[in-house]
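A short worksheet on the structure shown next.
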């Protein structure tokens, strides 16, 4: 009979790679197995983006390397440069310590430059004539206008010396400020200016993840760095614990604090006022170390105050409370 001849007909072999699948998911999944994520265009050898990247690398390799002047290598490690006539003039006026002055040969006469050179002569600061190419190197893209000054690394105080000096002052109890994670040098400079205005005995900053005393902090502080000692500590929590054992009370500043800074009952005691970074606030371990968490009442329309403003208000309130003490 037709169709019943016993012939096997077309039968798919059991070992066929293609099996029954539902939809296209199985096919696509097997097709992509082991291939991993798609490489970026610049990493694909035959892609135009890769060719552009390779050409840029060849141009960079062929570009002559900048030579670091010998006088730069001879400066102490950590030295910073202030460049440009206005910036240098303002830095010198603010009282920032200057290691040396560098002037380009053939620099046109300028009143600001003349004042800087006169100040250097009066203080015995070394002055050198250098090439504009050398100044280009230290300026790192900034407009140096033919003049630069080298600022030496800041000399930090020792915490114990700072506390001893604070105890020798009998006019009022010792007062320190500690900054927890403040990374903006502008804020550090403003805190130092506030500290100088309210008779703070010293400022503590961590060695890591915190702004240090440099050119920016010097300029913002308006010279207060020269009057307020700064100690750099390895572990802020451990330092605060040591100060507590030495008779200090630690007051942390936080918007959610339970005590109004204007009602602080510990104002007449030796104090450490701790300010956290704007937004992040006090770290957990520092908060747990504080004896009191104080707040500054502000409008609900404003989320928080920056570190410098919060510190300044708190120092004012502490000074007011101390004066009110009988």
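So that you can scan it fast, the table gives a plain yes or no per residue for (1) in the same structural domain as residue 205 (by TED's automatic domain parsing); (2) on the phi > 0 side of the Ramachandran plot; (3) out of contact with any strand residue (DSSP E or B) (no Cβ under 9 Å at 6 or more places or on another chain):
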residue	(1), (2), (3)
220	yes, no, yes
250	yes, no, no
257	yes, no, no
261	yes, no, no
281	yes, yes, no
Scan the stretch 84-104 and tell me whether some residue there is in contact with a helix residue (DSSP H, G or I) (Cβ under 7 Å, 6 or more places away or on another chain), in a loop (DSSP other than H, G, I, E, B) and farther than 19 Å from residue 152 by Cβ.
no
Complete set of residues in the stretch 251-294 that are surrounded by fewer than 18 Cβ atoms within 10 Å (Cβ to Cβ), under 25 Å from the mean Cα position of the chain (by Cα) and farther than 19 Å from residue 238 by Cα:
255, 279, 280
Would you call residue 180 crowded, with 21+ Cβ neighbours inside 10 Å and either assigned by TED's automatic domain parsing to the domain that holds residue 88 or at pLDDT 90 or above (or both)?
yes
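Which is over 30 Å from residue 128 (Cα atoms), assigned to a loop (DSSP other than H, G, I, E, B) and at pLDDT below 80, of 4, 109? Outline the logic, then answer.
Values: 109 fails: over 30 Å from residue 128 (Cα atoms).
Answer to the selection: 4.
Could you say which residue among 101, 163 is in the same structural domain as residue 215 (by TED's automatic domain parsing), surrounded by 11 or more Cβ atoms within 10 Å (Cβ to Cβ), under 25 Å from residue 185 (Cα atoms) and at pLDDT 85 or above? Show your work before the answer.
Working: 101 fails: in the same structural domain as residue 215 (by TED's automatic domain parsing).
Just one listed residue meets the conditions, 163.
The values are calculated or read from the model by the stated rules, or taken from the named source; none is laboratory data. Note that the coordinates shown come from a computational prediction; the quantities given were computed from them, not determined experimentally. Using ideal geometry, Cβ is built from the backbone for each residue, glycine included, and neighbour counts are taken over all protein chains shown.
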